[in-house]
Structures are given as structure tokens and as C-alpha cells.
1. So how many residues does segment 306-334 have that are in contact with a helix residue (DSSP H, G or I) (Cβ under 7 Å, 6 or more places away or on another chain) and farther than 18 Å from SER162 by Cα?
2. Can you tell me which of VAL310, VAL317, VAL249 is modelled with pLDDT under 95, crowded, with 18+ Cβ neighbours inside 10 Å and touching a Leu at 6+ places or on another chain (Cβ under 8 Å)?
3. Looking at segment 314-327, I want the residues that are closer than 11 Å to ILE155 by Cα and have a partner that is of a type in the set (D, E, K, R) and modelled with pLDDT of 95 or more with Cβ atoms under 7 Å, at least 6 apart or on another chain. Which pairs are those?
4. Among the residues of segment 175-184, which ones are of a type in the set (Gly, Ala, Ser), modelled with pLDDT of 95 or more and closer than 18 Å to ASP255 by Cα?
5. PHE169 is checked against (1) out of contact with any helix residue (DSSP H, G or I) (no Cβ under 6 Å at 6 or more places or on another chain); (2) closer than 26 Å to ALA258 by Cβ and fails just one. What number does that condition carry?
6. Would you confirm, using the coordinates I've provided, whether GLY227 is of a type outside the set (Ser, Thr, Tyr), modelled with pLDDT of 95 or more and at positive phi?
7. Enumerate the helices (runs of 4 or more DSSP H) found wholly within segment 1-86, keeping only those where 2 or more residues are among the aromatic types (Phe, Trp, Tyr).
8. For the subset of segment 183-216 comprising residues that are of a type in the set (Val, Ile, Thr) and touching a helix residue (DSSP H, G or I) at 6+ places or on another chain (Cβ under 6 Å), which member is surrounded by the most Cβ atoms within 10 Å (Cβ to Cβ)?
Amino acid sequence: MSKPFRILHVGGISVRPKGAFVHGVANKLSNGLIQLGHNVFNFSDRDVARWQTLFGNRVLGRARASRTLLEFAREYRPEILLLGHANMILPEVVGQIRQALPDCRVAQWNVDALFDAGNVRRMSRFARHADATFVSTAAPWEPWFGPSLPHLHFIPNPVDRSIERARSFAAASHAHDLSVSVGKGSDLRSYGGVERPMDDLLAILRRRVPGLRLGAAGAEGRPVLTGAAYQDFLEASRAQLNLSRRNDVALYSSDRIAHIMGNGLLAFIDRASGYADLLGEDAAAFFSTEEELVERVAAFAANDRDWRPVAERGWQVYGEMADARMVAGYMLDVLLGRDGQRDAPWLRR
């Protein structure tokens, strides 16, 4: 291995109880980089911005947080600056860091939807300062960025075996046959050629699949779960729905897919997402229509045996492909122009 790098990772690693989302991508990438032997300092731009103001208003603290980052970078002298949803940092400060540290390589990563214009706008702020940008949506990217954001690369939502630590397929019993975890049950989801609020789909499943033990977090008026409570919820489930706001964008998914498959649950995924081609039909419960989804849920709920090898296959295939060390190593290879970037398993599939 080459000499370890000093890496300054700026983004969504928060110490607030509300931010205790240990399954976040920022945590996993930092863990992956550390496990590869590098020195990583995590800088929570939102926390620092909040601490800079009397009433904890992070927007008012942006300028001070940006100055703090610049001062710290001058002392730490990172060889790599990694920006992950670092929305509290002013883009001109990233330029100043590059001027102060001309040998420092800069990359940004983003796992939010590219069809969200606000997200694209936030990413574009750092475009002229970044040597590479990593997104969790596959090409083509022109519909979202045009020619304005060069050096784009796809990464899968990473899995960290120390975080996604369950093996649901091997558990003797579960509290839930099927579960969902969303921000709000009223939000629309596109799947199988229809668009419905998640709450409406759950009502259909309860009606069409009698006896289905259905668990919900964030839907049906129930609270969103984070931290250890969220992990407990996953471990209590045999399977979970992985439905997105849109299903017509190549390989787009929230990082929920990593939480589901990384913990060995059976994932229900729309074929239109492209994941059946990437992972193989035997790695998840894929469907093309709402009727097929309902039928597959009913068959799965009636049998506690046949789902287990499929869930285990998904755990193995997705976990190996999207291992946080693999994703972090690929990002470094791209950023540094190393040959290893061609060996990423998602490029070979």
C-alpha cells in the first residue's frame, strides 16, 4: 500500500441526538477509509455552523463555519478534502483551501436524488473546485447537469458490516413479516407502473394479504426511527420494501437499500430501477407491476423458508459489491488516477 493519506471529511456526521443516524453514508465512508489505513478527520459542517451562533441557527453560522474549516485545513494540511452534502460550507472557501494547499485533491459525494433541482444546484456550487464528483445514480447524467458538472462517477450506497450487522435470513423468528421505513407515509412512491402514497400501498397490502405482520417506521403516523432503534427495527423484520420517489432513474435508490440488504433482509425492488440487471434476479424479490408485488408479498408471507436463500444471496452480492472499503478505495483510485478504478465490481456487472 502507498503512504496513508490525511483526509479531511466534511459532511453529515453529527453529534446531535437527532443526527444519531449511524447508518449514514458519511460514517461508512470514513470507516472504510480508516480501515484502508488512512487518517480521517470528520468535520461536521452543520454542527460547527450551529455552534457559531447564539440561538443555534446553522444558516446564520455558515460564514463562521467556513472560516473554521479553512483555519483547520491550514493546520491539518489534508492531502484529500472530501465533501459530502457539505451545504454549510461556502464554495469560495473550498477555493481558498485549494490555493493554500495546491497539492490537495478535492472530491464531493452525494447520495440524494438527481431529479431534485435543489440538490443539483447545491452540488454544482463546488463543481469548479472538485476533481471528482460521486453520485449514487447511474449515467446518463446529462438530463440533470448538462455539461456543467464534469468528472462524474457512480458509486453504490455503501454497506459497512460493523453497522449493518444483522443476518435476518438466519434468524429463527421475526416480529414483522414485512416492514417499511420512510420519512412520511403521505409521500408519493413510484413503483410497478403506479404512483401512490406509501400509506395507501400499506392499506392495499393489509387488505390483500390477510395476517401479514406489517411494521412501519415513518408511515401510518408512526415516528421515524434512527440510531439503535432503527437497527432493532431492521433486525425484527424478514423483509422490507425499497420503493423510491421515482423508479425510472437508473440505479437510483436511497441508502435504504444498503440498510435492507446489508442486514440480510429480503428486499422488494422494482425491476425498472435497474437493480435486477446489476444484482441478478436471485438476489431480491423483484417485481414489475403492483399486482406482481402483492402476489410476491403474499407468497413470501405464507412461507418462512423460500425467502431465506434469496435474502442471503442479496446480502452476499450487494454486501460484497458495495462494501464501504471497496467504495472508499474506488473513490481514491478515481481521485488519484490509479488503475484500481477499473476494477470496481459495479463496473464489471
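1. Going through segment 306-334 one residue at a time, the tally reaches 8.
2. Values: VAL310 fails: modelled with pLDDT under 95; VAL317 fails: modelled with pLDDT under 95.
Of VAL310, VAL317, VAL249, the one residue that is modelled with pLDDT under 95, crowded, with 18+ Cβ neighbours inside 10 Å and touching a Leu at 6+ places or on another chain (Cβ under 8 Å) is VAL249.
3. Short answer, once both residue conditions are applied: ALA324/LYS28; ALA324/ASP160.
4. SER179, SER181
5. All conditions are met except number (1).
6. Here the answer is no, as GLY227 does not meet what is asked.
7. 62-76
8. Looking at residues that are of a type in the set (Val, Ile, Thr) and touching a helix residue (DSSP H, G or I) at 6+ places or on another chain (Cβ under 6 Å), I get VAL209.
The values are calculated or read from the model by the stated rules, or taken from the named source; none is laboratory data. In this text, all values refer to a predicted model and were calculated from it rather than measured experimentally. Quick reminder, even Gly has a Cβ in these numbers, built from the backbone with ideal geometry, and neighbours come from all protein chains shown.
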